[in-house]
Amino acid sequence: MPNLIISDIHSLKRNEALDILSQIARVEKKTFPTNEAFGFGEDLWRKKPNTRVLYATDGGSEIIAYAVYVRQKGVALLHKVCVVPTYRRQGIGLQLMSYIQQRLRKEGCQSIQLWVDQAREPARALYVRCGFEEREVIPDYYAPGRTGIRMVLDLDGEHAG
Ligand SMILES: CC(C)(COP(=O)(O)OP(=O)(O)OC[C@H]1O[C@@H](n2cnc3c(N)ncnc32)[C@H](O)[C@@H]1OP(=O)(O)O)[C@@H](O)C(=O)NCCC(=O)NCCS
């Protein structure tokens, strides 16, 4: 498994951030249907202080994975977690999730919430493995016939470290 370096696009200079965002947008386009693809444009970098975009590399210039969350007081809404297809099933998703959990706990966040498509088995398995619990099931949440599941991880209830 590559040695992951996880950073935040807000710690980059504008041009570097835009390069990472355009790489993310390319992976996003291949992974999600158009109506669910997140807008990874320049606005995200400049205007949304509560939104965090994390990306992982192995020290090179190509991204390996990324994640997006929004903090609303004690709750973080995890919008995206994605590993570039050729790097999947090597423990990278798990490493990224554990980084996010640690970081949010340090920032004083009490819980992480997310919505996942019932049909996305790898993602659901990853979240369950990280301790998330299914709290709500909403038929046709994403589109007709596509069920959404709300999952929550209580950070207070976890052991630190
Ligand atoms: C979901 C995703 C992030 C997992 O990343 P990953 O790096 O492949 O995951 P890991 O290798 O760290 O796997 C960790 C655990 O997740 C589960 N998992 C991951 N891929 C799986 C698969 N294809 N089938 C079943 N379980 C899977 C397993 O429990 C796995 O542990 P194990 O390998 O010990 O069995 C990746 O498949 C992905 O990017 N999918 C497309 C985007 C997506 O659906 N994102 C979620 C919605 S925003």
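A few points about this structure:
- Largest to smallest accessible area among 68, 84, 75 [probe 1.4 Å]: 75, 84, 68
- The chain - mean residue ellipticity at 222 nm from DSSP helices (-39,500 (n - 2.57) per run, n ≥ 4, rounded to 500): -9500 deg cm²/dmol
- Distance from the C-alpha centroid of the range 99-138 to that of the range 21-41: 20 Å, rounded to the whole angstrom.
- Cross-link partners for residue 106 among the aspartates and glutamates, with Cα-Cα distance under 19 Å and sequence neighbours closer than 8 places in the same chain left out: 8, 154, 156, 158.
- Peptide packing for 18-24, 119-125, 150-156 was compared via the average number of neighbouring C-beta atoms within 10 Å per residue; ordered from the highest value, the list is 18-24, 150-156, 119-125.
- Three-way shape call for the range 66-161 based on the alpha-carbon gyration tensor, with the a/c threshold at 1.5: oblate
- Where Cα atoms sit under 23 Å apart: lysine pairs in the range 1-66 separated by 8 or more or lying on different chains: 4
- The candidates 87, 69, arranged from most to least accessible area with a 1.4 Å probe in the full protein assembly, appear as 87, 69.
- The chain: C-alpha gyration tensor shape, a/c 1.5 cut-off, then a/b vs b/c: rounded
- With all protein chains in place and a 1.4 Å probe, the accessible surface of the chain carries 50 percent carbon and sulfur.
- Think of a 1.4 Å ball rolled over the protein heavy atoms: the chain then has 56 Å² of accessible area per residue.
- Environment charge of residue 135, counting only residues whose C-beta is closer than 15 Å and scoring Lys/Arg +1, Asp/Glu -1: -2
The values are calculated or read from the model by the stated rules, or taken from the named source; none is laboratory data. Since we're looking at a predicted model, the values are computed, not measured. Note that each Cβ is placed from the backbone with ideal geometry, even for glycine, and that neighbours are counted across all protein chains shown. SASA here: full protein model, heavy atoms, side chains in, ligands and nucleic acids out. Shrake-Rupley method; radii C 1.70, N 1.55, O 1.52, S 1.80 Å.
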